[in-house]
Structure formats: C-alpha cells, structure tokens
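Below is one structure; the comments refer to it alone.
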Amino acid sequence: MRSFVFESMPARVVFAENAIEHLPREIEQLGARRALVLSTPQQEALATDISRRLGQRSVGVYPHAVMHVPIEEAARLGADCVVAAGGGSTVGLGKAIALESGLPVVAIPTTYAGSEMTSIYGLTEAGLKKTGRNRRVLPKVVIYDPLLTIDLPVAMSITSGFNAIAHAAEALYAENLNPITAMMAEEGIRALAQGMPQVAKNPRDLDGRSNCLYGAWLCGAVLGTTSMALHHKLCHVLGGTWNLPHAETHTVILPHAIAFNYPAAPEAMARIERAMKTPNAAGGIFDLMKQLGAPLSLKEIGMKQDDLERAASLVMEAPYYNPRSTTREGILRLLDGAFFGRRP
Ligand code: NAD
C-alpha cells in the first residue's frame with residue numbers, strides 16, 4: 001500500500017515564449033495597482049523594460065537586489081506588490097520584502113536556481129546566513145519566459161542547470177518523497193539534461209532554453225516540497241563559511257554526493273540514470289559537467305585544501321537526514337575527491 005503526503009505549492013505559473021506580455025494581466029488579477037520592480041544592477045535594463053510595460057501600474061524600479069531589503073522604499077512608494085525579475089538573489093530579495101510586509105510577489109526567473117517555487121527564505125543577520133520556511137514568501141505568480149534567459153551566459157547556464165538538477169536528485173532520496181514528486185524530479189532532470197547541451201552549443205536556441213527553464217521549474221518545485229540531504233548540507237557549509245559561489249559549488253559537489261549516496265538509494269539512482277540516459281548516475285553527471293565545460297573541482301572555485309578538515313567537521317556538527325549514514329572520514333574523502341575534481 002502506498003502511503004504519503006503530497007503538498008503542492010500554490011503558485012500560478014505562466015510558461016511561454018513572450019510570457020512577459022502577460023505580466024500586466026497577472027498584476028491586475030492579483031488586484032494590485034502599484035508594483036515595485038526589483039533587479040540586480042546588472043539586470044536594470046530588464047527591470048526598466050518591465051516597469052515600462054506596466055505603465056501606471058509600476059511605481060518604479062529598485063535595481064539594487066542583494067544589498068538591502070528596501071522595505072522603507074516599498075512603503076514610501078506605496079507599493080502593493082513586488083515584481084522580482086532575475087536569479088535566485090533577486091527572488092530572494094522579493095521574498096524578504098514579502099516576509100516583512102506581506103506584499104505579494106510576482107517572480108520572473110532568469111536563471112535555473114528555482115527559488116521562485118519554494119517558501120524557503122534566507123536572511124543575513126550580523127554576517128550569518130539564516131534560512132527558514134514560511135508560506136508568506138512564496139510568489140503568488142511565476143512567469144517563465146525562455147526569451148528572458150537567452151542572455152544568461154553559457155557558463156552560468158550550465159552551473160545553474162546543475163544547481164537545479166541537485167534539487168531534483170536529492171528530492172529523489174528525500175525522507176518525505178512521494179510518487180508525484182518523484183515524477184516531477186525525474187522529468188526535471190530529463191529536461192535539463194536535454195536542454196543544457198543545446199544551450200552550450202547555441203545559447204540562443206529557444207528550444208534548449210525552454211527545456212532548461214521547464215526543468216528548472218520542476219526542480220524548484222520539488223525542492224520546495226521535500227527535505228534536502230547531504231549534498232545541500234555540504235553546499236550550505238561551503239557557501240556559508242567560505243563564501244564559495246552558489247551554483248558552481250552545487251555543480252562541483254553533486255557527482256560526489258551522488259556517488260556517496262549511491263549504495264543507499266537504488267531507486268533514486270535508477271531514476272537519475274533513466275532521465276540522463278547514463279549507466280551510472282554519479283559518473284554520468286560528472287561526464288556531462290566535463291562535456292559542457294563546467295568547473296570540476298573545489299580548487300578551481302576558490303577552496304583551500306587546508307580547510308577541508310574544518311568543512312568535514314562542520315558538516316558533521318549538525319547533519320541533515322541522509323539515506324546513507326555519514327562519518328567524518330567519509331565526508332573528508334568525498335571533499336577530497338571534489339577538491340581535486342576526480343571522476344567519482
Ligand atoms: P544570482 O541571482 O545571484 O545571479 C547571478 C548574476 O547573474 C546576477 O548578477 C544576475 O543579475 C545575473 N543574471 C541573472 N539572470 C541573468 C540573465 N538571464 N542574463 C544575464 N545575467 C543574468 O544567481 P542564482 O544562482 O540564480 O541564485 C543564487 C542565490 O539564490 C543564492 O543566494 C541562493 O542561496 C539562492 N537560492 C535560494 C533558493 C530558495 O529556495 N530560497 C533556491 C535556490 C537558490
């Protein structure tokens with residue numbers, strides 16, 4: 001007998017080439033009249049274009065995502081919703097505003113990070129990154145427009161794609177996996193494994209972009225409804241303590257975390273292998289990374305070998321659930337393989 005809990009996150013999704021054209025309608029359906037558009041400084045042109053499309057319904061652009069949470073700015077302008085256009089950082093800023101003010105968020109993702117589908121937020125307080133889950137921060141509407149991802153540089157597209165695959169891979173051996181989530185995770189990996197080589201070959205290939213963004217949506221959705229394991233713990237420690245870049249760290253660690261968990265999660269591995277058309281999940285991920293020119297080692301993304309011992313200790317201090325039990329020695333061996341970029 002099957003027995004499970006399935007929770008779907010109640011966001012409305014609009015997915016299409018030129019989906020951005022639906023934004024005014026979506027804002028109207030939310031009952032909002034005064035949207036504040038958020039972006040990073042690098043994506044200010046996109047935010048300005050969105051603001052222009054909204055006309056009277058925009059109160060302006062806030063192109064400083066990441067640095068500050070502009071609660072006062074939103075209040076001063078009388079904003080009644082925020083539009084977050086960009087990657088995980090910009091969506092994260094929208095969530096921080098929602099957490100404090102309750103304003104609804106419309107997310108327009110332009111990377112494959114998947115944050116728009118989760119109720120997970122991160123706040124930096126006194127230099128420490130804290131994360132939590134709260135339904136309040138979940139975007140009400142998500143607009144996926146592959147055209148907006150055409151300019152995402154190939155290197156970032158690839159690492160962001162592996163970041164997404166990591167969510168789905170860990171969902172497949174999550175403690176609280178259910179059959180619906182498993183289906184979504186496998187399909188998400190399949191779409192990205194198909195789309196990433198298309199994008200690497202031609203970044204303007206709309207079919208490839210669409211495959212990747214569709215995969216990113218599914219991978220984000222499964223991240224939002226399952227609990228993550230060793231891979232995410234490792235990345236959290238490396239990103240939080242050594243400030244390693246987010247998507248690159250997820251990429252480098254993934255094949256090693258999968259190899260570590262391989263013997264303990266045969267059904268998950270079979271799904272990954274089917275989705276990626278590979279005889280071995282860990283080796284297949286590593287080979288695809290290599291083929292697509294992704295970083296392969298912690299060394300090349302800024303980690304120091306002397307810090308591996310401390311990283312292993314930090315991982316063991318407050319471990320997440322993991323299908324295979326962890327030891328400090330095992331973690332250290334995993335990190336050593338990732339440091340040098342050995343094929344697992
Ligand atoms: P990012 O949002 O930091 O973006 C990196 C850079 O790429 C930025 O300068 C951005 O402006 C630029 N960029 C984004 N899209 C672009 C495009 N289409 N064309 C050109 N430039 C573009 O990177 P990210 O990897 O998307 O997000 C990482 C952050 O998201 C981390 O802080 C991570 O913790 C968070 N995150 C949170 C969740 C969650 O559920 N809460 C999930 C995944 C990631």
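The values are calculated or read from the model by the stated rules, or taken from the named source; none is laboratory data. Since the structure is predicted, the reported quantities are computational estimates derived from the model, not experimental observations. Backbone-built Cβ (ideal geometry, glycine too); neighbour counts: all protein chains shown. Calculation scope for accessible area: heavy atoms of the full protein, side chains included, ligands and nucleic acids excluded. Shrake-Rupley method; radii C 1.70, N 1.55, O 1.52, S 1.80 Å.
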| message | Taking every alpha carbon pair in the stretch 154-340, what does the distance histogram look like in 5 angstrom bins from 0, in percent? | response | 1, 9, 18, 22, 21, 15, 9, 3, 1, 0
| note | Mean Cβ-within-10 Å packing, highest first, puts peptides 79-88, 94-103, 220-229, 306-315 in the order 79-88, 220-229, 94-103, 306-315
| query | Can you work out the FRET efficiency for the pair Glu17 and Gln42, with r the C-beta to C-beta distance and R0 = 22 Å, to the nearest 0.05? | reply | 0.45
| field | Spin-label model distance (nm) - Leu123 vs Phe340, 7 Å beyond Cα toward Cβ | value | 4.4
| request: Let me have the 222 nm mean residue ellipticity of the chain computed from DSSP H runs of 4+ only, each contributing -39500 (n - 2.57), with the sum over all residues rounded to the nearest 500. | output: -16500 deg cm²/dmol
| request: Please work out how much accessible surface Met156 shows to a 1.4 Å probe, ignoring ligands, DNA and RNA, in Å² rounded to 10. | output: 90
| remark: In nanometres, the difference between 0.36 nm per residue of separation and the alpha-carbon distance of Glu300 and Glu329 is 8.1 nm
| note | In nanometres, the difference between 0.36 nm per residue of separation and the alpha-carbon distance of Met9 and Arg135 is 44.5 nm
| query | If you take every DSSP beta bridge whose two residues both sit in the chain, what share of them, in percent to the nearest 5, is antiparallel? | reply | 25
| Which value, in Å², gives the accessible area per residue of the chain when a 1.4 Å probe is used on the protein heavy atoms? | 43
| In nanometres, what is the gap between the two model label sites at Leu206 and Met156, each 7 Å from Cα along Cα-to-Cβ? | 2.2
| query | Hey, can you rank 211-219, 297-305, 56-64 by average C-beta count inside 10 Å, highest first? | reply | 211-219, 56-64, 297-305
| field | Extension reserve of the Glu73-Lys290 stretch, reckoned as 0.36 nm per residue once the Cα distance is removed | value | 73.7 nm
| query | For the chain, what number of Lys pairs, 8 or more residues apart or on separate chains, have alpha-carbon atoms under 15 Å from each other? | reply | 6
| note | Expressed as a percent, the accessible surface of the stretch 12-149 that is carbon or sulfur, using a 1.4 Å probe and the full set of protein chains, is 49
